[in-house]
Structure formats: C-alpha cells, structure tokens
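Heads up, the thing below is written out as structure tokens.
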Amino acid sequence: MAVLNFTFFSSSKLPLSKPPLVQIPISSSQGPTHINNSSINFPESFSKACITALVSASLFFSVDPALAFKGGGPYGSEVTRGQDLTGKDFSGKTLIKQDFKTSILRQANFKAAKLLGASFFDADLTGADLSDADLRGADFSLANVTKANLTNANLEGALVTGNTSFKGSIITGADFTDVPLREDQKEYLCKIADGVNPTTGNETRETLFCK
C-alpha cells in the first residue's frame, strides 16, 4: 500500500518548507512506494491566480442589480428610474442626463433644475413643477405632462411623441423651439400660449409657430 501526498496552498503566506499534507492510501501491485511531496506541489503562482479569480467573481456577483439603472449627474447615486418619486423635491438641482424613465413624478418639484438631456420616457409628471427648468434636449416620449407648471421653462430641442400630453399645463413663457409637436398638440398649446422666455428672449407663441 502506497501513500500519495498532495500539498494544497490556500495562501502564499503558508510556509513553503512544511506545507499541510493530505494522505490518500492507494494500492500497488509493485509493493510499497514513496512519492516525494515536492514532485507534485502546485506552483505558488497557480495558488495566487485561483485566489484572484475567486475574489473577482465574488465582487462581480455582489453588485446590486438596481445600480444598473442609476442616471447621470450628482443625483446619480440614487436610483431614479422606474421609481415612485411622488412629491420629491429636485428644485435647483443639477440633473443633466438623469434617467427618470417610467417613474411616477406626480407633484414633483423640478423648479429651476438643470435637466439637459434628462429622460422622462413614459414617466408620469402630472402636476409637476417644471417652472424655470432647463429642459433642453430632454426626452418626453410617451410622458404624461398634464397639469404641469412649465412657466418660463426652456424646452429647446426636447423630444415628444404623439402620446405626450400637455393638457391642462401652464406654458406661459415656455420655449418650445425645435420641439417636434404634432399638429393637434401644437393647436392645443397655441390656445393657451403667452409670455416671453426670460432666458432665450423668445415668445412662446413664436416658438410654437402659432398663427
């Protein structure tokens, strides 16, 4: 009966001269045989590589999946996509390219907030305060912007779709330059449009090409 000795290293800090041994008896037709430890030791570099791989894997799988949805800007440390943010106060904050997709933002306060390129795709902004907000290039596709306050808001180049609703909203002084509105949307907004945007100096009716 021969004894086969295997040496395992769990860390490079274990003494290499006297490593822990695991003895496994094996039968042999040739009689007792002795195998030296040093002939089957795993290299130290292989042990280090295994430890590194295990640590990397644990870090990968411990990441909170919700963090994949965080937006940009200083407020990006908190998830704002697909959340119920009813009544949340974002007034005066810098929220450039922030992701608010599919979020509930009823009565949320965005007064004077910097929202350049922010996404409100399919979001509910009913009754939200967007007055004096910088909304250039923001995405309002499929968004519900009914009864919102858009007084003096700058929406230059914002994206809207036929399903984007502005019914009941206040648009005094709002700038809709280069906003691709459908004819029926434009017709509705022209009925309530008035004022001049204090930032761009453009009249609201002119930016809507009201007749």
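State whether the residues of region 177-195 include one that is surrounded by 23 or more Cβ atoms within 10 Å (Cβ to Cβ) and either on the phi > 0 side of the Ramachandran plot or not in a helix (DSSP H, G or I) (or both). No: region 177-195 contains no residue that is surrounded by 23 or more Cβ atoms within 10 Å (Cβ to Cβ) and either on the phi > 0 side of the Ramachandran plot or not in a helix (DSSP H, G or I) (or both).
Here Leu115 fits the description: open to solvent by less than 10 Å² (accessible area, probe 1.4 Å) and either under 17 Å from Asp175 (Cα atoms) or among the acidic types (Asp, Glu) (or both).
On the given criteria, is Gln107 open to solvent by 30 Å² or more (accessible area, probe 1.4 Å) and either closer than 21 Å to Gly82 by Cβ or not in a loop (DSSP other than H, G, I, E, B) (or both)? Yes.
Is there a residue being farther than 22 Å from Tyr188 by Cα and not in a loop (DSSP other than H, G, I, E, B) anywhere in region 162-172? No, the conditions are met nowhere in region 162-172. Of all residue pairs spaced 6 or more apart or on separate chains, those with beta-carbon atoms under 8 Å, a first member in region 100-127 that is on the phi > 0 side of the Ramachandran plot and a second member that is among the charged types (D, E, K, R) and open to solvent by 50 Å² or more (accessible area, probe 1.4 Å) are Thr102/Arg81; Thr102/Asp122; Ala112/Asp132; Gly117/Lys97; Gly117/Arg136; Asp122/Lys101; Gly127/Arg106; Gly127/Lys147.
The values are calculated or read from the model by the stated rules, or taken from the named source; none is laboratory data. The structure displayed is predicted, hence computed values, not measured ones. Every residue, glycine among them, receives a Cβ derived from its backbone with ideal geometry; neighbour counts consider all protein chains shown. Each accessible area value is taken on the protein alone, full model and side chains, heavy atoms only, with ligands, DNA and RNA left out. Shrake-Rupley method; radii C 1.70, N 1.55, O 1.52, S 1.80 Å.
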